[in-house]
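> Here it is: the structure, laid out below.
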Amino acid sequence: MQTRTTTFAIQRGADRSFADHGWLKTYHSFSFADYHDPANLQWGALRVFNEDFIAAGRGFPEHPHRDMEILTYVLEGELEHQDSMGNRGVVGPGCVQYMSAGTGIRHAEVNHSDEHGLHIVQMWLLPSKPNLAPAYGQREFSTDDRRGHWLLVASGRAELRAPIAVNQDAAFFVSKLEHEEIRHPFAADRLGFLFVADGDVVANAQRLKGGDAVRIAATPELTVSGAGEVLLWDLPPAA
């Protein structure tokens, strides 16, 4: 249950749900697929946060989605996308594929390489309203774009213009830290979700390592320092 009391709840990487399908090794931060916990369905509008390791030449065959904003962030390897609207694209590390499923879309996501593994984080955001027109896009970012500061990747907030627009009052940031300190302020009614993709960092005096995440509420500011790659959602309050 989500409240407006001060929350800085750490979910250690090893405490996530894990499934090994051979070609796919996947960690779920929230209820997903065969893992269902009524007390762990979502955090604000963030419904899915999966860390996936996909074997060379394998991937998810064509399948449907609707009424969901889906962002996939590539940590290592190359991700290939194809969908029922005729879109196709390949992105590498530090880059993002975005799909607004809206009224319905079918897509496939596969490891573009027949030799190397693929490491991604896939995030599903509940849209602000249903039955929107489906859309797809991808954006490439360099390491310098996110080195030592928060890079605003996606936003649906009127005051924050981002390379990717999402249909929700939320914003998504990434940073590549090399022993810098970065900060992010939260409005009083906002929620946050911080994920450490790799490295060792300290967030509001709490030590975190790769795979760890933090759910944040009623916290005026987040301070992160250390070395590693970190992902951050700034989310609307829970309904």
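> Tally the residues that are part of a loop (DSSP other than H, G, I, E, B) and free of Cβ contacts under 8 Å to residues at least 24 places away in the same chain, restricting the search to segment 89-101. Break it down stepwise before answering.
Initial filter on segment 89-101 (part of a loop (DSSP other than H, G, I, E, B)): 92-95, 101.
Of the ones still in play, those that are also free of Cβ contacts under 8 Å to residues at least 24 places away in the same chain are 93.
Total satisfying the criteria: 1.
> Continuing with the same structure: Which one is surrounded by the most Cβ atoms within 10 Å (Cβ to Cβ) among residues in segment 138-175 that are at pLDDT below 95 and of a type in the set (A, V, I, L, M)?
The qualifying residue surrounded by the most Cβ atoms within 10 Å (Cβ to Cβ) is Leu160.
> Look through Thr219, Thr143 and report the one residue that is under 18 Å from the mean Cα position of the chain (by Cα) and more than 20 Å from Met68 (Cα to Cα).
Values: Thr219 fails: under 18 Å from the mean Cα position of the chain (by Cα).
Of the residues listed, the single one that is under 18 Å from the mean Cα position of the chain (by Cα) and more than 20 Å from Met68 (Cα to Cα) is Thr143.
> A further question follows. Of the conditions (1) under 24 Å from Ala135 (Cβ atoms); (2) within 18 Å of the chain's Cα centre (by Cα); (3) free of Cβ contacts under 8 Å to residues at least 12 places away in the same chain, Gly86 fails just one. Which one is it?
(2)
> Looking only at segment 15-30, which residues are touching a Ser or Thr at 6+ places or on another chain (Cβ under 6 Å) and either surrounded by fewer than 16 Cβ atoms within 10 Å (Cβ to Cβ) or in a strand (DSSP E or B) (or both)? Break it down into steps so the answer makes sense when it comes.
Let us first name the residues in segment 15-30 that are touching a Ser or Thr at 6+ places or on another chain (Cβ under 6 Å), namely 16, 19, 28.
Those that are touching a Ser or Thr at 6+ places or on another chain (Cβ under 6 Å) and either surrounded by fewer than 16 Cβ atoms within 10 Å (Cβ to Cβ) or in a strand (DSSP E or B) (or both): Ala19, His28.
> Here is a check on your reading of the model: is Gln138 touching a strand residue (DSSP E or B) at 6+ places or on another chain (Cβ under 9 Å) and in contact (Cβ under 8 Å) with a residue 60 or more places away in the chain? Before the answer, list the steps.
Values: touching a strand residue (DSSP E or B) at 6+ places or on another chain (Cβ under 9 Å): yes; in contact (Cβ under 8 Å) with a residue 60 or more places away in the chain: no.
Criteria not met by Gln138.
> Can you name every residue in segment 203-225 that is of a type in the set (Ser, Thr, Tyr) and not in a loop (DSSP other than H, G, I, E, B)? Give the derivation first.
Restricting attention to segment 203-225, the residues satisfying the condition of being of a type in the set (Ser, Thr, Tyr) are 219, 223, 225.
Once the filter is applied, which keeps residues that are of a type in the set (Ser, Thr, Tyr) and not in a loop (DSSP other than H, G, I, E, B), segment 203-225 yields Thr223, Ser225.
> Same structure, new question: Between a first residue in segment 108-134 that is in contact (Cβ under 8 Å) with a residue 24 or more places away in the chain and outside any loop (DSSP other than H, G, I, E, B) and a second residue that is among the hydroxyl-bearing types (Ser, Thr, Tyr) and surrounded by 19 or more Cβ atoms within 10 Å (Cβ to Cβ), which pairs have beta carbons less than 6 Å apart while being 6 or more apart in sequence or on different chains?
Every condition considered, the pairs that remain are Ile120/Thr72; Val121/Tyr73; Gln122/Thr72.
> Here are some conditions: (1) at pLDDT 95 or above; (2) surrounded by 15 or more Cβ atoms within 10 Å (Cβ to Cβ). Ala135 meets all but one. Which one does it not meet?
(1)
> Report whether or not Ala33 is surrounded by fewer than 16 Cβ atoms within 10 Å (Cβ to Cβ) and either in contact with a Cys (Cβ under 8 Å, 6 or more places away or on another chain) or on the phi > 0 side of the Ramachandran plot (or both). Can you show your working first?
On the way: surrounded by fewer than 16 Cβ atoms within 10 Å (Cβ to Cβ): yes; either in contact with a Cys (Cβ under 8 Å, 6 or more places away or on another chain) or on the phi > 0 side of the Ramachandran plot (or both): yes.
It is true that Ala33 is surrounded by fewer than 16 Cβ atoms within 10 Å (Cβ to Cβ) and either in contact with a Cys (Cβ under 8 Å, 6 or more places away or on another chain) or on the phi > 0 side of the Ramachandran plot (or both).
> Sort through Leu151, Leu118, Leu125, Leu71 and tell me the only one that's in contact with a helix residue (DSSP H, G or I) (Cβ under 9 Å, 6 or more places away or on another chain) and closer than 27 Å to Val224 by Cβ. Show your work before the answer.
Values: Leu118 fails: in contact with a helix residue (DSSP H, G or I) (Cβ under 9 Å, 6 or more places away or on another chain); Leu125 fails: in contact with a helix residue (DSSP H, G or I) (Cβ under 9 Å, 6 or more places away or on another chain); Leu71 fails: in contact with a helix residue (DSSP H, G or I) (Cβ under 9 Å, 6 or more places away or on another chain).
Only one candidate passes the filter, namely Leu151.
> Filter segment 91-134 down to the residues that are over 17 Å from Glu51 (Cα atoms) and charged (D, E, K, R) and list them by number.
Hits for segment 91-134 are Arg106, Asp114, Glu115, Lys129.
The values are calculated or read from the model by the stated rules, or taken from the named source; none is laboratory data. Computed from a predicted model, the values in this text were never measured in an experiment. In this analysis, Cβ positions are derived from the backbone assuming ideal geometry, glycine residues included, and neighbour counts consider all displayed protein chains.
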